[in-house]
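In what follows, a single structure is set out as structure tokens and then discussed.
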Amino acid sequence: MVIVLFGKPGAGKGTQAPRLAEALGVPILATGDVLRAALKAGTPLGLEAKRYMDRGALVPDAVILGIVKEVLATEQFARGAVLDGVVRTVPQAEGLERALRELGREVGAVLAFEIEDEEIVRRIGGRLVCDKTQQPYAGYAPGTPCPDCEGTLVRRKDDEPEAVRTRLEVYRAQTLPVLDWYRAQGANVRTIDAVGAVEDVTARALTAVGLDGRP
Ligand code: AMP
């Protein structure tokens with residue numbers, strides 16, 4: 001099953017993705033993580049992406065669709081995927097659909113995480129990520145060792161207030177129309193209340209994809 005996680009930056013997609021992926025038995029494709037890894041490795045992809053990412057702008061669709069096509073065609077992704085932050089523009093949604101059709105697959109559900117801007121600003125203000133795994137953590141000071149591995153908790157450059165404002169504007173202008181596009185296609189779009197305890201949001205998301213969401 002291919003599940004698209006949709007929502008504002010900071011809505012909890014990165015937190016929910018591993019939980020949903022585990023329950024569904026499929027891997028995650030998070031383009032933000034792929035780009036950050038490329039940046040860290042200093043590859044041409046990473047260097048190009050950096051120009052956009054640092055200020056909170058979107059990386060060009062062609063770059064994103066190149067990654068998506070390559071990854072989804074691998075054996076590891078044959079049973080499906082949880083897509084985290086992948087479909088951020090209508091051309092990306094169209095490109096994803098074409099790529100999946102060529103592989104004989106389709107999007108099973110679009111989970112739209114709903115949350116107010118004020119809550120986003122509050123969450124991102126307290127968000128750090130592990131510099132090794134990119135997993136988000138809250139309630140720690142920057143520089144703290146990661147509680148789950150040998151990494152260190154750091155603030156993402158694009159989690160600075162100015163970049164967050166840009167990312168929310170970009171979301172409204174370029175990403176929100178994707179939801180209407182999916183609805184117009186008759187896709188299985190489910191809205192999920194993204195406010196509350198992490199496990200409660202997971203339960204809502206699992207229920208929405210037809211799995212028993214009870215803890
Ligand atoms: P994320 O980790 O999903 O918040 O992504 C971090 C940054 O990576 C975004 O602000 C964009 O600059 C870039 N990015 C990640 N995924 C995409 C995408 N699907 N389309 C365009 N840019 C992306």
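The values are calculated or read from the model by the stated rules, or taken from the named source; none is laboratory data. No experiment lies behind these values; they were computed from the predicted model shown. No Cβ is skipped: glycine too gets one built from the backbone with ideal geometry, and neighbour counts run over all protein chains shown. Just the protein is used for accessible areas: all its heavy atoms, side chains included, with ligands, DNA and RNA removed. Shrake-Rupley method; radii C 1.70, N 1.55, O 1.52, S 1.80 Å.
Quick one: in the stretch 128-148, of everything that is part of a strand (DSSP E or B) and open to solvent by less than 40 Å² (accessible area, probe 1.4 Å), which residue is nearest to LYS8 (Cα to Cα)?
So, considering only residues that are part of a strand (DSSP E or B) and open to solvent by less than 40 Å² (accessible area, probe 1.4 Å), the one nearest to LYS8 (Cα to Cα) is PRO136.
Quick check, is LEU96 closer than 15 Å to ALA187 by Cβ and not basic (Lys, Arg)? It is true that LEU96 is closer than 15 Å to ALA187 by Cβ and not basic (Lys, Arg). Say we look at the stretch 27-52 and pick out the residues that are among the aliphatic types (A, V, I, L, M) and within 25 Å of TRP181 (Cα to Cα); which of these is most open to solvent (accessible area, probe 1.4 Å)? For the stretch 27-52, the residue satisfying everything is ILE28. Among the listed residues ARG172, ARG155, which satisfies the condition of being touching a residue at least 12 places away in the same chain (Cβ under 8 Å), open to solvent by 20 Å² or more (accessible area, probe 1.4 Å) and within 18 Å of the chain's Cα centre (by Cα)? That would be ARG155, the only listed residue that is touching a residue at least 12 places away in the same chain (Cβ under 8 Å), open to solvent by 20 Å² or more (accessible area, probe 1.4 Å) and within 18 Å of the chain's Cα centre (by Cα).
Comparison of ALA73, ALA99, ALA81 shows that the only residue that is in contact (Cβ under 8 Å) with a residue 60 or more places away in the chain and either more than 8 Å from the ligand (Cβ to nearest atom) or more than 23 Å from PRO18 (Cα to Cα) (or both) is ALA81.
Among the residues of the stretch 53-70, those identified as more than 10 Å from the ligand (Cβ to nearest atom) and open to solvent by 60 Å² or more (accessible area, probe 1.4 Å) are ALA62, LYS69, GLU70.
So which residues in the stretch 14-65 are in contact with a Phe, Trp or Tyr (Cβ under 8 Å, 6 or more places away or on another chain) and under 19 Å from ARG127 (Cα atoms), if there are any at all? Before you say what the answer is, go through the steps one by one.
In the first step, residues of the stretch 14-65 are kept if they are in contact with a Phe, Trp or Tyr (Cβ under 8 Å, 6 or more places away or on another chain); the result is 16, 26-27, 29, 58-60.
Across the stretch 14-65, the qualifying residue is only GLN16.
Based on this model, can you work out whether GLU106 counts as within 19 Å of ALA17 (Cβ to Cβ), away from the ligand (no atom under 16 Å from the Cβ) and open to solvent by 10 Å² or more (accessible area, probe 1.4 Å)?
On the way: within 19 Å of ALA17 (Cβ to Cβ): no; away from the ligand (no atom under 16 Å from the Cβ): yes; open to solvent by 10 Å² or more (accessible area, probe 1.4 Å): yes.
Answer is no for this residue.
Please determine whether any residue of the stretch 76-84 is crowded, with 19+ Cβ neighbours inside 10 Å, charged (D, E, K, R) and closer than 18 Å to TYR182 by Cα. Looking through the stretch 76-84, at least one residue is crowded, with 19+ Cβ neighbours inside 10 Å, charged (D, E, K, R) and closer than 18 Å to TYR182 by Cα.
If you check ALA81 against the conditions, is it of a type in the set (Gly, Ala, Ser), at pLDDT 95 or above and within 14 Å of the chain's Cα centre (by Cα)? Yes, satisfied.
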